[in-house]
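Enquirer: Before I ask anything, let me first share the structure, which is written out below as structure tokens.
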Amino acid sequence: MNEKRYILFENYLSNELSAEEKISFEKQLSEDIEFASAFEIFKELNQHLANKFGNEKDLKAFKKKLKSISKEHFKSKKTKVVAFKPWQYAIAASIAILVGLFVFQNINPSFEDYNNPEMATFIERGDVNENLKLAQDAFNTKNYKAAIPHFEAVLKESKSPEIQYFYAVSLLEDNQFQKAETNLAELKSGTSIYKNKATWYLALSKLKQKDYDSCKAILQSIPDDYEDYDQVQELLNELD
């Protein structure tokens, strides 16, 4: 893959192609498997970088590192280095990663790296609770905003740790941090089977908000008999 292709990918994602160029690009996507695969990799890398460099200090250090890397990738025929536009940092980063030149330390973990919500399976075929079914279906299709009001309707009728847990996860996915943490903290202080799961997601809430110290402190309160403790330990190691 070359720089021109990366620039084409970035221009498409930024909606900077003309109508004719867009049609041509999408036609190639549908017909060229290798091109489509490269585009998917590029999108994933860009998303990963966006998640990793939300912190301004880290981003500045990252850009400084990329300026030295870019000298090997963004050159004109006269070997004069082309001036970077803001979006070219992401392109250069993707190239650097793919060719093995990206060596940058002290990158904080991201919420997306550890966010793997389980499927909701609390309603069986034949059950008649419509709100519960709608909440389950919306949650399992990652339509968390739609799931929230259905969970709230169910919780008004009957409050259970299971429903409260999935409701809290939905709130977190929708960036309603205060409400999510209130429900997770309540579960954390209880004795249900969702106690440790809620604690884990409370830590992830802090991670999503880039409050790394609070995230670490919460993780350290999770007992080592938690079923997914290997993830807890992995995240703790990344935060050190």
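Enquirer: Considering segment 176-196 alone, what residues qualify as being farther than 15 Å from Pro117 by Cα and not in a helix (DSSP H, G or I)? So that I can check it myself, show each step before the final result.
Expert: Narrowing segment 176-196 to residues farther than 15 Å from Pro117 by Cα: 176-179, 181-183, 185-193, 195.
Of everything in segment 176-196, those that are farther than 15 Å from Pro117 by Cα and not in a helix (DSSP H, G or I) turn out to be Gln176, Ser189, Gly190, Thr191, Ser192, Ile193.
Enquirer: Pull up segment 197-240, narrow it to residues that are in a helix (DSSP H, G or I) and charged (D, E, K, R), then point me to the one that is modelled with the lowest pLDDT.
Expert: Of all residues in segment 197-240, those in a helix (DSSP H, G or I) come to 197-208, 212-219, 229-239.
When the remaining residues are screened for being charged (D, E, K, R), the result is 197, 206, 208, 213, 216, 230, 234, 238.
On the way: Lys197: 97, Lys206: 96, Lys208: 94, Asp213: 94, Lys216: 95, Asp230: 94, Glu234: 93, Glu238: 89.
Ranking the qualifying residues of segment 197-240, first place goes to Glu238.
Enquirer: Inspect segment 46-58 for any residue being at pLDDT 70 or above, buried (at least 17 other Cβ atoms within 10 Å of the Cβ) and either touching a Pro at 6+ places or on another chain (Cβ under 8 Å) or within 30 Å of Lys210 (Cα to Cα) (or both) and give the result as yes or no.
Expert: Scanning segment 46-58 turns up no residue that is at pLDDT 70 or above, buried (at least 17 other Cβ atoms within 10 Å of the Cβ) and either touching a Pro at 6+ places or on another chain (Cβ under 8 Å) or within 30 Å of Lys210 (Cα to Cα) (or both).
The values are calculated or read from the model by the stated rules, or taken from the named source; none is laboratory data. Only a predicted model underlies this, so the values are computations on that prediction, with no experimental measurement involved. Reconstructed Cβ throughout: ideal geometry from the backbone, glycine too, with neighbour counts over all protein chains shown.
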